[in-house]
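Below is one structure, written out as structure tokens; comments come after it.
The values are calculated or read from the model by the stated rules, or taken from the named source; none is laboratory data. Just so you know, these numbers come straight off a predicted model, no measurement behind them. Cβ atoms come from the backbone with ideal geometry, glycine included; neighbour counts cover every protein chain shown. Note: areas computed on protein heavy atoms with side chains; ligands, DNA, RNA excluded. Shrake-Rupley method; radii C 1.70, N 1.55, O 1.52, S 1.80 Å.
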Amino acid sequence: MASTIKVTNIDTPDGSGNITVDRPLSGSGASLTSLPAANLTGTIAAISGANLTALNATQVTSGTLPMARLSGTLPALNGSALTALNATQLTSGTLPMARLSGTLPALNGSALTNLPASGARANIIINGGMTVAQRGTSFTSPANNAYTLDRWKFHNNSAAAFTVTQDTDVPADQGLFKSLKLDVTTADTSIASGDHFGVAYRVEGRDIAHLRSGTSSAQAATLSFWVKSTVTGTYYVAFRNSAGNRTYPASYTVSSANTWEQKTISLTMDTSGTWLSDHQMGIEIRFVFMSGSTYHGTANTWNAANLLAASGIANGVSSTSNNIYLTGVKLEKGSTATDFEHRTYADELAMCERYYEKIISEMYNGDGHTTISGGYYIYVHWRTFKRANGTTTSAGYQHTVTYGDDEYGFIHKPSGTAGNYIRLDWIAIDAEL
């Protein structure tokens with residue numbers, strides 16, 4: 001029969017205070033405290049974080065604990081206390097450079113997108129901000145196919161009439177300060193099948209070759225622009241090759257009347273057809289504000305026909321109260337539109353002068369007012385090398401042209417009555433596409 005003996009005080013005869021027990025003792029260790037580690041023999045089971053719960057972060061000095069075992073509140077972390085981090089250990093967030101003592105991997109452009117080709121400007125369009133106007137700032141009833149503001153060609157095959165001007169009405173806070181304005185002075189409410197109206201920009205083939213049109217590796221391109229129109233509805237931008245047998249009528253919507261709106265059109269260039277990549281026209285981008293059924297086809301795809309729009313296009317020439325404004329035009333490689341590229345006026349003018357240049361000054365043959373009978377010539381050197389040999393015009397006194405021009409300059413031999421002098425007030429060359 002088991003029995004329990006309760007001992008309050010134990011004295012030993014030898015006074016050593018030691019008791020020898022030859023039988024096992026049992027019970028709980030809950031009452032044992034302050035045991036020196038030297039008095040513990042045997043093997044203590046390994047302790048892992050898996051068995052630890054309710055630890056406060058201030059109690060952990062080293063090692064790694066599973067997050068599931070931490071039930072306390074961790075103090076907020078910031079990058080100011082982190083040092084010697086390797087770049088491979090960073091997945092998000094921002095650290096001060098002073099806290100990074102490791103070596104960052106070398107950087108290259110493989111991860112950068114929407115950048116222009118090396119050495120090229122981002123915007124393929126010249127004078128997209130409508131700042132250059134060498135021919136003048138106002139054009140009353142311009143003829144079909146006439147150029148107005150530099151690089152912008154007027155198209156009108158209808159009963160409507162217009163005044164085209166360089167205007168100061170522009171979208172707010174965009175850094176733009178000029179626009180092309182189309183003011184309807186004679187309306188056309190009965191659109192015939194062959195009617196059309198708009199303005200176009202023609203890109204030289206060399207400037208568009210990197211988009212690889214006509215090949216299986218044709219690239220993506222994005223057109224962005226600001227437009228303001230009295231008439232709301234669906235309008236079109238037609239992308240056309242030089243032959244006019246490959247066209248892409250891209251639609252966009254003017255939602256609010258007389259309000260500046262930015263529009264973006266992205267497309268993949270044509271994998272078929274013939275697309276010139278020399279000094280001739282590589283592509284025409286025509287902004288169409290009215291079109292008859294002859295030029296209607298399937299929108300937002302490449303067509304093997306000369307098309308400008310699709311059925312349902314709005315009539316921008318329906319009233320003499322109608323006005324249309326255009327500015328901030330940008331064409332770039334890639335499927336994402338980026339901010340308009342602001343270039344200096346001098347740069348924009350120099351690029352325009354490749355296609356049209358006008359020199360205004362008084363130039364005399366010979367030294368002073370030398371007479372025609374002296375056999376002198378005048379040589380005018382163009383400021384900018386021309387796209388091609390263009391058409392030269394001039395004004396002055398006894399300025400009849402008897403010699404020609406080329407891409408470099410103009411040789412002028414005056415003709416007239418002997419004893420008179422030659423004076424040129426201005427001379428211009430047109431080498432537009």
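On inspection, residue 166 fails the criterion of being assigned to a loop (DSSP other than H, G, I, E, B) and under 20 Å from residue 260 (Cβ atoms).
Would you confirm, using the coordinates I've provided, whether residue 189 is open to solvent by 10 Å² or more (accessible area, probe 1.4 Å), over 25 Å from residue 296 (Cα atoms) and modelled with pLDDT of 95 or more? Answer is no for this residue.
Table: residues versus (1) without any contact (Cβ under 8 Å) to a residue 24 or more places away in the chain; (2) touching a strand residue (DSSP E or B) at 6+ places or on another chain (Cβ under 8 Å); (3) more than 30 Å from residue 270 (Cα to Cα); (4) among the basic types (Lys, Arg).
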{"position": "177", "(1), (2), (3), (4)": "no, no, yes, no"}
{"position": "182", "(1), (2), (3), (4)": "no, yes, yes, no"}
{"position": "189", "(1), (2), (3), (4)": "no, no, yes, no"}
{"position": "202", "(1), (2), (3), (4)": "no, yes, no, yes"}
{"position": "210", "(1), (2), (3), (4)": "no, yes, no, no"}
{"position": "216", "(1), (2), (3), (4)": "no, no, no, no"}
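Among the residues of the stretch 286-335, those that are of a type in the set (Lys, Arg) and open to solvent by less than 40 Å² (accessible area, probe 1.4 Å) comprise 286, 330.
Has the stretch 367-375 got at least one residue that is at pLDDT below 60, open to solvent by 50 Å² or more (accessible area, probe 1.4 Å), farther than 27 Å from residue 151 by Cβ and under 49 Å from the mean Cα position of the chain (by Cα)? No, because not a single residue in the stretch 367-375 is at pLDDT below 60, open to solvent by 50 Å² or more (accessible area, probe 1.4 Å), farther than 27 Å from residue 151 by Cβ and under 49 Å from the mean Cα position of the chain (by Cα). Just for the stretch 202-219: of the residues that are over 18 Å from residue 307 (Cβ atoms) and touching a Lys or Arg at 6+ places or on another chain (Cβ under 7 Å), which one is most open to solvent (accessible area, probe 1.4 Å)? Once the filter is applied, the top-ranked residue is 210.
Of all residues assigned to the stretch 263-280, at least one qualifies as being surrounded by 15 or more Cβ atoms within 10 Å (Cβ to Cβ), among the basic types (Lys, Arg) and in contact with a strand residue (DSSP E or B) (Cβ under 6 Å, 6 or more places away or on another chain). In the stretch 381-393, the condition of being closer than 30 Å to residue 123 by Cβ, among the basic types (Lys, Arg) and either modelled with pLDDT under 75 or exposed (fewer than 15 other Cβ atoms within 10 Å of the Cβ) (or both) is met by at least one residue.
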